[in-house]
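Following: one structure in structure tokens, then a few remarks.
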Amino acid sequence: MSLLIAEVIVDVSTYHVDRPFDYEVPTQWANIIEMGCRVKVPFGPRNVLGFVIGLKNETDVPSNKLKSIAQILDIEPVLTEEMLLMAKWLKNETICYEIDALQVMLPSALRAKYEKIITMQEEKEALPEDAKVIFGKRQQANFKEFERAGLLPLLKQLITDKIVRIENVVKQQGNVKEIRMVKISDDQQDIDKAMEGAARAAKQRLLIEWMSRHLGEVLLPQKIYEETGMSPAVLQSVIEKGAAHFIQEEVYRDPFTKEVSRTQSLQLTDEQHVALKAITGSMEEQTGKTFLLHGVTGSGKTEIYLQAIQKVLDEGKEAIMLVPEISLTPQMTERFRSRFGEMVAVMHSGLSVGEKYDEWRKIQQGKVSVVVGARSAIFAPFTNIGLIILDEEHESTYKQEDSPRYHARDVAIWRSEFYNCPVILGSATPALESFARAKKGVYSLLSLKQRALHQPLPTVFIADMREELQKGNRSMFSEQLIDAIRIRLEKKEQMVMFLNRRGYSSFVLCRDCGTVVQCPNCDISLTYHRTTEKLKCHYCGYEERVPQICPQCQSEHIRYFGTGTQKVEEEIYKLFPEARVFRMDVDTTKHKGAHEEILQAFGEGQADILLGTQMIAKGLDFPNITLVGVLSADTSLHLPDYRAAERTFQLLTQVSGRAGRHEKLGEVIIQSYTPEHYAIELAKIQDYEPFYEREMFLRRRSSYPPYYYVALVQISHEDVMMAAEYAGRAADWLMENLSNKVAIIGPTTASISRLQNRYRYQCLIKYKIEPNLIPVLQRLLAMYRAEWIKQGILMTVDLDPSTI
Ligand SMILES: Nc1ncnc2c1ncn2[C@@H]1O[C@H](COP(=O)(O)OP(=O)(O)OP(=O)(O)O)[C@@H](O)[C@H]1O
Ligand SMILES: [Zn+2]
Ligand SMILES: [Zn+2]
């Protein structure tokens, strides 16, 4: 038999190993191994996880150096050939390690986990007492057990003395959940034989007789007890006589918490019809076309998605439906499940590792044809995709902020070209880049200018909070908003109160010296949490008790600016003691399924006011909501981010869109300290295009996307001088190696200049066309990985940074 060699990408993220390594496949596995399987291979002193990305019959590695695969982890590949290709593309597109690109496509249950295992090398007698206790009767123990007992120094000594050995063992997570079932024999002879054997046992004979009428069936033992009235002991005896046997069946953990009723396709409006026809037409042509579906809030984009997916299913193909963060949009999942029932898998961060793995396997095994999920669902292991949809395509959650720094939109388009199927990008407020591409004809623009039932868009008023202050109103509510709430309470209509948390945090301030309590590790103020009376850093997790005196001047005049949702809730109760308020924020939605519960109860009319942050801005569709109040429109306007105005406009438009979606008219009141800002003025008229024109003009003037591309290089170090120095080196190096048509801004300090005790600097690269960019950045990274990293520098490169 000829030599079989596997090309393996190993799970070791350093520059020197970012290439496939050759390993010999032992003959007993030659027929089993396939591309896309996970394997365990020796690498240096230990075994590591790896992915087989190629198989061949020869190698340049001399035979005395060639190592063998230690273990095969999958009989069936976990990565398809498409995914292996996609990983190569991602590696180049986002400049990441191939291993990172491969790992991101798998549920975390299948990613590498190592366990340190301690094995006895000598007789037990050689061990000191403390260690004996840990091993007990076993030959092996876990490193963690020593760690917990505070015995690491002892362990170290034992290793040095070669009394024990330490090993890294790849732990294969992702246990399949199984359940015990009874399989009745499908052979009448087995039944006859069992019957003979049970000659004198009447009950057993009855059960065997019953089984002879259910040949070949697989049943839960409970079911058999119920149907026949027999006890487990009788069943056991019958099984011993060969009439049936126990089998283990895989079961899927069910992430759905409640039943849904089925819905049928709606009669489309003319606008919806035109859009759907364009999409299905392109399915028939089998072109990988990208559509931008720009439809005002409530225009019925979701119904178009549903009917387009129906068509995909009719053709025996599969569909991926992405939503920004699914745990925030339970209504969306419900709409998909009520149309497609068991055909739908869900994937989002609210699921447990086991549930995610189960959903992933349903997709991989072809048990479902639709996945509704957050960003990572774009890697769903379907093999016959007919449509990919990104709802709310402008949302920043579609961009991953760690390596691989991919945007789900780009992956969607890549996969659509692979399968020759359309992509739909849907939004009421498309990202500027997307709309610009649609205008240039790169995407096909589909517009829905009317709401589905021809309801008018809500009327928007701006309340000028500066005037309120002059009038002596110091509350968080303008008079206008207070009046509007009162009317709704009288009419028993529902309201949404939205607190814009972006760029806003509650903090603790000393009224004597003005000190704001800061995180000791990060250059950012600590956030005040009223429920626990603690101050927390949202970046590094540091927390401390709320101080009673100022840490700077010892004054007792400390003031808590807890103007978060809790404070708003208190104010509402002060103004309207009779109001029933549901608060939806990080504190009230900690437990699983909390979003669904709150929204369901609100939908049933159990509260008058739904109060919340970003998580209530999108997707809500309740007929009784007639008022939306935005308490603080400005907080997201003044962030150091070129997209601040765009994000504010999008948020205001989205949240306004929650009002008056059905028969009742909607009204929106936006409170602002800068009502003359164009993002707020244009959100008032709720027209996307004027905003687009205005913002494009400003972007062009200051050379920002979509006119220019930007890439961000960030450098950090614990020592500020080191960080500054290497940032300077990076900037110089880029200057020398890139063309003079590129603008390099920096090094400057990052907007959060210190994070987790590391000082952060950055260089921004602005360019239009720069064919050399990727190779140059790759060389810079190579330099960093080979040398700079040893100095404690951390460097990241992001080709599509979402904040700058
Ligand atoms: N053709 C139709 N006939 C009747 N009702 C429709 C039709 N299309 C959509 N609707 C209803 O109109 C409402 C708004 O539709 P949908 O939620 O799909 O809008 P959307 O465009 O996704 O809005 P948003 O961007 O604000 O989330 C829903 O209650 C939906 O059931
Ligand atoms: Zn002070
Ligand atoms: Zn911190």
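Length gained on full extension, TYR673 to LEU215: 157.3 nm, using 0.36 nm per residue less the C-alpha separation.
Please work out the Cα center distance from the range 777-804 to the range 403-462, rounded to the nearest Å. Each part reduced to its Cα centre gives a spacing of 32 Å. When the Cα positions of MET83, PRO45, VAL8 are compared along the charge dipole of the range 1-83, PRO45 comes out farthest toward the positive end, with charges on each C-beta of Lys, Arg, Asp and Glu.
The residue among GLN121, ILE95, GLN71 whose Cα reaches farthest toward the positive pole of the charge dipole of the range 5-139, with charges on the beta-carbon of Lys, Arg, Asp and Glu, is GLN121. Surface composition of the chain: carbon plus sulfur atoms contribute 49% of the solvent-accessible area (1.4 Å probe, protein chains only, all chains present).
Here's how it looks for GLN71: its modeled amide H is under 5 Å from those of LYS40, which are all 5 or more places away or on a different chain. Round to the nearest 0.05 the FRET efficiency obtained for GLU736 and PHE418 when R0 = 30 Å and r is the Cβ-Cβ distance. Efficiency at R0 = 30 Å is approximately 0.20.
Starting from the alpha-carbon convex hull of the range 310-409, give the projected area averaged over all orientations, in nm².
Details: hull surface 24.9 nm².
In nm², the orientation-averaged hull projection of the range 310-409 is 6.2.
Label the range 546-607 by shape, choosing from rounded, prolate and oblate, from the square roots a ≥ b ≥ c of the eigenvalues of the Cα gyration tensor; if a/c is under 1.5 it is rounded, and otherwise prolate applies when a/b is larger than b/c, oblate when it is not. Here the range 546-607 falls in the oblate category.
Suppose the chain between ARG200 and THR532 were pulled fully straight at 0.36 nm per residue; how much longer would it get relative to their current alpha carbon spacing? Working shown, then result.
On the way: separation 332, 0.36 × 332 = 119.52 nm, distance 6.99 nm.
My answer for the length gained is 112.5 nm.
Measuring from each cysteine beta-carbon in the chain, the ones with no other cysteine beta-carbon under 4.7 angstrom are CYS37, CYS96, CYS421, CYS540, CYS763.
For the ranges 388-395, 136-143, what's the packing order if you count other beta-carbon atoms within 10 Å of each residue, average per peptide, and put the highest first? Numbers along the way, then the final one.
Working: 388-395: 24.9, 136-143: 12.1.
In decreasing order of mean packing, 388-395, 136-143 become 388-395, 136-143.
Given +1 at the Cβ of Lys and Arg, -1 at the Cβ of Asp and Glu and no other charges, the dipole of the chain around its Cα centre is 700 debye to the nearest 20. Coupling constants for the range 620-636 follow from the phi torsions by the Karplus curve (6.51 cos²θ - 1.76 cosθ + 1.60, θ = phi - 60°), and in residue order they are 5, 9, 10, x, 8, 7, 10, 9, 10, x, 10, 6, 8, 6, 7, 4, 8 Hz; glycine and proline get x.
By the rule of a C-alpha distance below 17 Å, with chain neighbours fewer than 8 residues away ignored, the aspartates and glutamates paired with LYS491 are ASP483, GLU578, GLU604, ASP608, GLU663, GLU667.
Taking Cα atoms of the range 119-239, Rg/Rh with Kirkwood Rh, to two decimals?
Rg/Rh: 1.38.
Starting from the Cα-Cα distance between GLN480 and LYS193, subtract it from 0.36 nm times their residue separation and give me the gain in nm to one decimal.
Numbers: separation 287, 0.36 × 287 = 103.32 nm, distance 8.59 nm.
Gain on stretching GLN480 to LYS193: 94.7 nm.
Max-minus-min Cα coordinates of the chain on each principal axis give 95, 67, 64 Å, with the largest extent listed first.
List, in the order given, every pair from LYS449/LYS768; LYS277/LYS317; LYS116/LYS592; LYS40/LYS116; LYS277/LYS439 whose Cα-Cα distance in the structure shown is over 23 Å. Going by Cα-Cα distance, LYS449/LYS768; LYS116/LYS592 fall outside the 23 Å limit.
Can you tell me what share of the DSSP beta bridges in the chain is antiparallel? A percent to the nearest 5 is fine.
On the way: 71 of 122 bridges.
For the chain, the DSSP antiparallel bridge percentage is about 60.
Think of a 1.4 Å ball rolled over the protein heavy atoms: the chain then has 46 Å² of accessible area per residue. Ordering 238-244, 314-320 by mean Cβ neighbour count within 10 Å, with the highest value first, yields 238-244, 314-320. Each label point was placed 7 Å from the Cα along the Cα-to-Cβ direction; for GLU490 and GLN286 their separation is 6.5 nm. Across q = 0.26, 0.29 Å⁻¹, the range 764-804 modelled as identical point scatterers on its alpha-carbon atoms has Debye log10 I(q)/I(0) values of -0.97, -1.05, in the order of the q list. Note on SER751: accessible area is roughly 80 Å² with a 1.4 Å probe, heavy atoms of protein only.
Taking a straight line from the alpha carbon of LYS88, these aspartates and glutamates sit under 15 Å away, with near neighbours fewer than eight places off in the same chain left out: GLU7, ASP18, GLU98, ASP100, ASP410. Of all aspartates and glutamates in the structure, the ones whose alpha carbon falls short of 15 Å from that of LYS156, not counting any fewer than 8 places away in one chain, are ASP130, GLU145, GLU147, GLU167. Ordering ILE378, SER416, SER447 by the projection of their Cα atoms onto the charge dipole of the range 318-461, which places +1 on the Cβ of Lys and Arg and -1 on the Cβ of Asp and Glu, puts SER447 at the extreme positive end.
Applying 1/(1 + (r/R0)^6) with R0 = 22 Å to the Cβ-Cβ distance of GLU578 and GLN600 gives a FRET efficiency near 0.45. Beyond 23 Å, the tail of the calculated P(r) for the range 685-804 holds 35 percent of the Cα pairs.
Shown here for the range 718-800: trypsin sites (Lys or Arg not before Pro) in loop regions (DSSP other than H, G, I, E, B) with at most 11 other Cβ atoms within 10 Å, namely LYS741, LYS768.
Among the listed pairs LYS399/LYS741; LYS289/LYS440; LYS91/LYS399, a Cα-Cα separation exceeding 18 Å is found for LYS399/LYS741.
For the range 271-350 and the range 99-151, what is the separation of their Cα centres, given in Å? The two parts, judged by their Cα centres, are 47 Å apart. FRET efficiency for the pair LEU698 and GLN267, taken as 1/(1 + (r/R0)^6) with r the Cβ-Cβ distance and R0 = 41 Å, rounds to 0.45. The figure for GLU93 is an accessible area of roughly 80 square angstrom, using a 1.4 Å probe on the protein chains alone.
The values are calculated or read from the model by the stated rules, or taken from the named source; none is laboratory data. Here the structure is a predicted model, which is why all the values come from computation and not from measurement. Quick reminder, even Gly has a Cβ in these numbers, built from the backbone with ideal geometry, and neighbours come from all protein chains shown. To get the accessible areas, we keep the full protein, side chains included, count just its heavy atoms, and leave off ligands, DNA and RNA. Shrake-Rupley method; radii C 1.70, N 1.55, O 1.52, S 1.80 Å.
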